[in-house]
Amino acid sequence: MARAQFSRSFTQQPPIPEAGIEAAVAVMRSGRLHRYNVVGDEPSEVMALERDYARWQGAAYCLAVASGGQAMQIALRASGVLPGDLVLTNGFTLAPVPGAIAALGARPVLVEITPDLVIDLDDLAAKARSSGARYLLLSHMRGHLCDMHRLVQMAADLNLTVIEDCAHTMGASWNGKRSGGFGLAGCFSTQTYKHINSGEGGLLTSDDAAFMARATILSGSYMLYDRHGAGPAPEVYDLIRLETPNTSARMDNLRAALLRPQLRALPDSILAWNMRHDLVADRLARAPAIHLPRRPAAESYVGSSIQFCLPGIMQADAATFVARLAAVGVEVKWFGASQPVGFTSDHHSWRYVAQQDLPATDAILAGLFDMRLPLTFSLEDCALLADHILDAVDALGEKGRA
Ligand SMILES: *Cc1c(COP(=O)(O)O)cnc(C)c1O
């Protein structure tokens, strides 16, 4: 059964909408690229984006910044994390998450994940108690939400300040509430491979006025905080404006111009992603050897990528599996490789973090595979992808059936 080679690129995003290109050209024609370079009362593109995003998110405040990583660093700092403080975070996430903690001179305490790829809430409670950490940078890695109802209760019981990393959950929700609204702050990325694309960029949301005032000064507002689209009232700044350092991590008008039409189209993008994701998931579910992370009824997700496990697969077989798929043009990532390739999500490769024992996470990552599903793939492309994966699982034979 010779199946067609897969020939699409896993890193090709759709073009920027024409409205975004036109708005970006208008910004360039004006020469006013800096977010605070405005004429009269006219709102800058960044101000307008902050307003649009606060409304979309249902948050009181929104701050546009230079990257998702900067949103996390600023959020941690504005929430009071000091050098040496312990910050709980997922043992499985992308490097900018422990990186944001390390950038403050704080120390990550890594928490195990479950086979559904979310933070293990029992391990979280145990480590919060044993370490005494008071902050949690909760990463919704690969778009999977933990039981957010239980998490909020636990955070209150354990006196934890929660900051959400929503790089993969822009547009996702739990029981109808948007991801990013469960703790003190939500951090979003607009980097090319996330849900809206400005090359680099980030958004920070919160309902806490004093927090957002500190974050705004940290982001590099000089004393121009009145030129923010969705910021707290000027008097909130009185106490903190001279005490908060400037770390220059602003967004510019060009990027905001690219993002605003994409935000308007995000509901349609989410539908398109989920059609692709669910089609692949339904096909993969046919293979008994494959474990798909569960999607609880309370979770509404954005399927911009898909994860699947081959529990118990041997290292050599996993490498063969990935190579077999690569040979037919299917780019599957494997989180169990001994060296990081193209991304760093294995805690063993974060050498700036004190080594920690995470046997449950390690066992899951050993058999965990991941595939991006860019919107440039058609549904036919997705069906072909899934069939290639089923072929490769079949080729593992008995070994694939642990
Ligand atoms: C991409 C990503 C980030 C940070 O985004 P940048 O904008 O690239 O700094 C944070 N967390 C996760 C899980 C990510 O994948």
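The values are calculated or read from the model by the stated rules, or taken from the named source; none is laboratory data. Note that the structure is predicted; figures quoted are calculated from it, not measured. Please note: Cβ atoms are built from the backbone with ideal geometry, for glycine as well, and neighbour counts cover all protein chains shown. The protein model used for the area step is the full one, side chains on, heavy atoms only, and it has no ligands, DNA or RNA in it. Shrake-Rupley method; radii C 1.70, N 1.55, O 1.52, S 1.80 Å.
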Original post:
Restricting to the chain, what percent of DSSP beta bridges are antiparallel, rounded to 5?
Top reply: 60
Original post:
For the range 76-211, what is the charge dipole size about the Cα centre, in debye to the nearest 20, if Lys and Arg each add +1 at the Cβ and Asp and Glu each add -1 at the Cβ?
Top reply: 180
Subject >> 20 Å cut-off, amide nitrogen to a point 7 angstrom out along N159 Cα→Cβ, residues in the range 172-190 >> reply: 183-185
Subject >> Mean separation of Cα contacts under 8 Å (6+ apart) over length of the chain, as relative contact order % >> reply: 22
Original post:
Once the dipole of the range 1-126 is set up with Lys and Arg at +1 and Asp and Glu at -1 on Cβ about the Cα centre, which of A78, G31, W56 lies farthest towards its positive end?
Top reply: G31
**OP:** State the answer as a single residue: which of L136, P15, Q356 lies farthest towards the positive end of the charge dipole of the chain, with beta carbon charges of +1 for Lys and Arg and -1 for Asp and Glu, about the Cα centre.
**Re:** P15
**OP:** Mind checking the per residue accessible area of the chain for me, 1.4 Å probe, whole number of Å²?
**Re:** 41
**OP:** Find out how many positive minus negative residues lie around S67, taking Lys and Arg as positive, Asp and Glu as negative, among other residues whose Cβ is under 13 Å from that of S67.
**Re:** 0
**OP:** Return the carbon/sulfur percentage of the accessible area of the chain, one whole number, probe 1.4 Å, all protein chains in place.
**Re:** 53
Original post:
Per the Kirkwood formula on distinct C-alpha pairs, the Rh of the range 266-396 is how many angstrom?
Top reply: 15.8
**OP:** Taking the Cβ of R178 as the centre, find all other residues whose Cβ is under 15 Å away and add up their charges (Lys, Arg: +1; Asp, Glu: -1).
**Re:** -3
Original post:
Projected onto the charge dipole of the range 18-260 (+1 at Lys/Arg Cβ, -1 at Asp/Glu Cβ, origin at the Cα centre), which of T247, L203, L184 gives the Cα projection farthest towards the positive end?
Top reply: T247
Original post:
For A265 and M28, what is the calculated FRET efficiency with R₀ set at 35 Å and r taken between the beta-carbons, to the nearest 0.05?
Top reply: 0.95
Subject >> the chain - charge dipole about Cα centre, Lys and Arg +1 at Cβ, Asp and Glu -1, debye rounded to 20 >> reply: 340
Subject >> Tensor-based shape of the range 1-94 (alpha-carbon gyration tensor, a/c under 1.5 rounded, otherwise prolate or oblate) >> reply: oblate
Subject >> Shape metrics for the range 207-269, restricted to C-alpha atoms - Rg then Dmax, Å >> reply: 13.9, 43
Subject >> D (Stokes-Einstein, µm²/s), Kirkwood Cα radius, the chain, 0.890 mPa s at 25 °C >> reply: 112
